[in-house]
Amino acid sequence: MGIAEVYLRSICDMLAEIVGKEERKIDKAAELLAEYVKQGKLIHVFGTGGHSTMGAMEVFWRAGGLASINAIFPPGVSVSDSHPNTERLVGYAPIILKHYGVKEGDVLIIINVNGINPLTIDTALEARKLGVKVIAITSPDFAKNVPPGIAARHPSNKNLHELADIVLDAHVPPGDAILKIEGLEQKVGPSSTFAVCFLANLLMAKTVEKLVELGVEPPVWMSANVKGGDEFNTRYIEQYIGRVYHLYPM
């Protein structure tokens with residue numbers, strides 16, 4: 001079996017494991033999010049460091065996605081600007097959440113596969129302090145296999161899955177990469193982006209399904225690259241401009 005087929009099968013198996021084992025928790029999280037949307041509230045989403053930022057990007061201003069997503073993209077967090085130093089910065093999270101208007105009674109989705117670094121843990125701790133519901137998209141098995149005291153960890157050595165109200169397991173193995181090449185010590189073929197983006201989009205789809213069942217019209221974006229897309233989306237831009245931080249007029 002060639003490396004392409006092994007990679008394909010490994011990723012498909014991971015996604016199938018998410019569907020098979022996380023359905024009940026996804027349903028519970030979707031019920032919570034649907035209630036927030038029904039009440040006209042925002043859903044805050046924060047990918048706390050490195051490539052995990054792509055999980056938040058994936059569900060923000062996305063064709064087929066919810067318009068009520070307030071994605072959190074602070075400076076210095078993605079791989080394009082200062083990572084990994086900023087994700088290891090203790091004390092940054094409270095400033096970020098305040099800046100993005102996250103407050104008591106809100107809901108926050110924290111996306112971080114390893115679930116151990118200071119920015120991730122500080123975000124979860126601050127959310128709990130504020131009285132914010134936390135949904136975590138993470139991989140507990142990854143976190144449990146990282147020893148305490150290493151530089152990447154929060155000083156408390158806590159894990160994201162221990163601090164969230166609902167944990168959606170991305171089933172990413174420790175170390176992320178999943179392909180072994182003979183003659184090479186380290187593995188290749190990252191898996192986490194496939195898992196977290198699938199899980200985040202599945203959660204959004206399930207939330208939309210819940211809203212329809214409740215008789216609520218979900219605020220779902222149309223692609224701006226098809227005829228009528230800009231015109232269709234105007235109502236959502238007008239509805240959420242000024243509330244969703246990174247939303248701007250077309």
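The values are calculated or read from the model by the stated rules, or taken from the named source; none is laboratory data. Because the structure is predicted, anything quoted here is derived from the model rather than measured. Using ideal geometry, Cβ is built from the backbone for each residue, glycine included, and neighbour counts are taken over all protein chains shown. Only protein heavy atoms, including side chains, enter the accessible area calculation; ligands, DNA and RNA are left aside. Shrake-Rupley method; radii C 1.70, N 1.55, O 1.52, S 1.80 Å.
A few points about this structure:
- Condition check for G64 on (1) over 19 Å from I135 (Cβ atoms); (2) in contact with a Gly (Cβ under 9 Å, 6 or more places away or on another chain): one failure, at (2).
- When restricted to residues that are closer than 15 Å to P118 by Cα and open to solvent by less than 10 Å² (accessible area, probe 1.4 Å), region 43-52 contains 5.
- From H51, H44, residue being closer than 16 Å to A136 by Cα, touching a strand residue (DSSP E or B) at 6+ places or on another chain (Cβ under 6 Å) and touching a residue at least 40 places away in the same chain (Cβ under 8 Å): H44
- I18 vs. criteria in a helix (DSSP H, G or I), touching a strand residue (DSSP E or B) at 6+ places or on another chain (Cβ under 8 Å) and farther than 25 Å from K187 by Cα: no
- Checked against the criterion of being among the aliphatic types (A, V, I, L, M), modelled with pLDDT of 95 or more and under 24 Å from the mean Cα position of the chain (by Cα), region 219-232 has at least one qualifying residue.
- Qualifying residue in region 131-141 (condition: of a type in the set (S, T, Y) and open to solvent by 20 Å² or more (accessible area, probe 1.4 Å)): no
- Residue match in region 223-240 (condition: of a type in the set (D, E), in a loop (DSSP other than H, G, I, E, B), open to solvent by 70 Å² or more (accessible area, probe 1.4 Å) and over 27 Å from L97 (Cα atoms)): no
Quick grid of which residues meet (1) touching a residue at least 24 places away in the same chain (Cβ under 8 Å); (2) over 16 Å from the mean Cα position of the chain (by Cα); (3) not in a loop (DSSP other than H, G, I, E, B):
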residue	(1), (2), (3)
K158	yes, yes, no
H161	yes, no, yes
A177	no, yes, no
E182	no, yes, no
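- If you go through region 157-169 and pick out every residue that is surrounded by 15 or more Cβ atoms within 10 Å (Cβ to Cβ) and either in contact with a strand residue (DSSP E or B) (Cβ under 6 Å, 6 or more places away or on another chain) or among the polar types (S, T, N, Q) (or both), you end up with 8.
- Taken as a whole, region 86-101 holds no residue that is in contact (Cβ under 8 Å) with a residue 60 or more places away in the chain and in contact with a Ser or Thr (Cβ under 7 Å, 6 or more places away or on another chain).
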